[in-house]
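The values are calculated or read from the model by the stated rules, or taken from the named source; none is laboratory data. Just so it is clear, the structure is predicted and the values come from calculations on it, not from any experiment. Here Cβ is always computed from backbone atoms with ideal geometry, including for glycine, and neighbour counts include all displayed protein chains.
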Amino acid sequence: MKHLLVISFVICFVHVSAIAQSVPQNTKAPTNPPAGAKDVDPVPQKTRERFERELQRRLQGSGRGAQAGAPVQTPAAQSTTVNASEDFIIGPEDVLQISVWREPDLTTKAVVRPDGKIGVTLLGDIQASGLTATQLTNVIAGKLTRYVEQPEVSVVVVEIRSQMVHLIGAVARQGAYGLGGPLTVVELLARAGGLTEETRGENIVIVRNTGNTVQRTPFNYRAFVEGRGLQKNIPLKHGDVVIVR
């Protein structure tokens, strides 16, 4: 009887071992996929497209009010882009671009010194302050005739630093602005991007130093828009400070 029990136990053990070996063991996935197998994208195509659309929408939203990738201009940089009028009088610290046709060695950019002069190749120091760009062009062309036959000269004011007004307060872009020509209070506000939401523009003051005294002139932007107080939109002068509250 004992022998039958032992034999039965051995037979059961053998069957259990055989069944265990037939069951596949958990193994790690092969590092390299089988040859010819296609790569499976872990992110579904629809999910990736939805993510890309959302990212694009957020990028466009973050650039609202300004063109994406466009450099941001400061007030100082913006003032340099203002075209000077024909009767603009050159002054100290103004930046001039002097070009001579077919003479690249004579083309240069010059800053007017405190003494009102600039250095020009072949000519040395030339008085620039107190002249318009046209007058300075004629002076340089006349002196260059000693070295160049019928020189064609161009003088352009590329940066205005001698005549400035200052704008502070509730505007989009505070700072200093060049006076390249006649400029009124409203035109200055427009150049600065307009008023902010913090003000209605009813309490604007133009501060002007007249030498011995300081003159304060009020300006109501809201009244101007409504057609009242149009005469208060005065032309600005060098050194004026416009305060928007």
Within region 83-121, residues being over 27 Å from the mean Cα position of the chain (by Cα), within 17 Å of G178 (Cβ to Cβ) and of a type in the set (D, E) number 2
Looking at (1) modelled with pLDDT of 95 or more; (2) surrounded by 12 or more Cβ atoms within 10 Å (Cβ to Cβ); (3) of a type outside the set (V, I, T), which is the only condition R245 fails? (1)
Can you tell me which residue in region 149-170 is surrounded by the fewest Cβ atoms within 10 Å (Cβ to Cβ), limited to those that are out of contact with any Phe, Trp or Tyr (no Cβ under 6 Å at 6 or more places or on another chain) and closer than 13 Å to V241 by Cβ? I168
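Within region 201-245, considering only strands (runs of 3 or more DSSP E) that don't extend past its boundaries, which have at least 1 residues that are within 28 Å of the chain's Cα centre (by Cα) and not charged (D, E, K, R)? Outline the logic, then answer.
On the way: elements: 204-209, 214-219, 241-244.
Those strands (runs of 3 or more DSSP E) span 204-209, 241-244.
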Considering region 105-145 alone, what residues qualify as being within 15 Å of V156 (Cβ to Cβ) and basic (K, R)? K109
Is there a residue being free of Cβ contacts under 8 Å to residues at least 12 places away in the same chain and closer than 27 Å to G91 by Cα anywhere in region 190-200? yes
Name, by its number, the condition in (1) surrounded by 11 or more Cβ atoms within 10 Å (Cβ to Cβ); (2) within 21 Å of L179 (Cβ to Cβ) that does not hold for T210. (1)
Tell me, yes or no, whether region 115-123 has at least one residue that is at pLDDT below 95, at positive phi, not assigned by TED's automatic domain parsing to the domain that holds E202 and not charged (D, E, K, R). yes
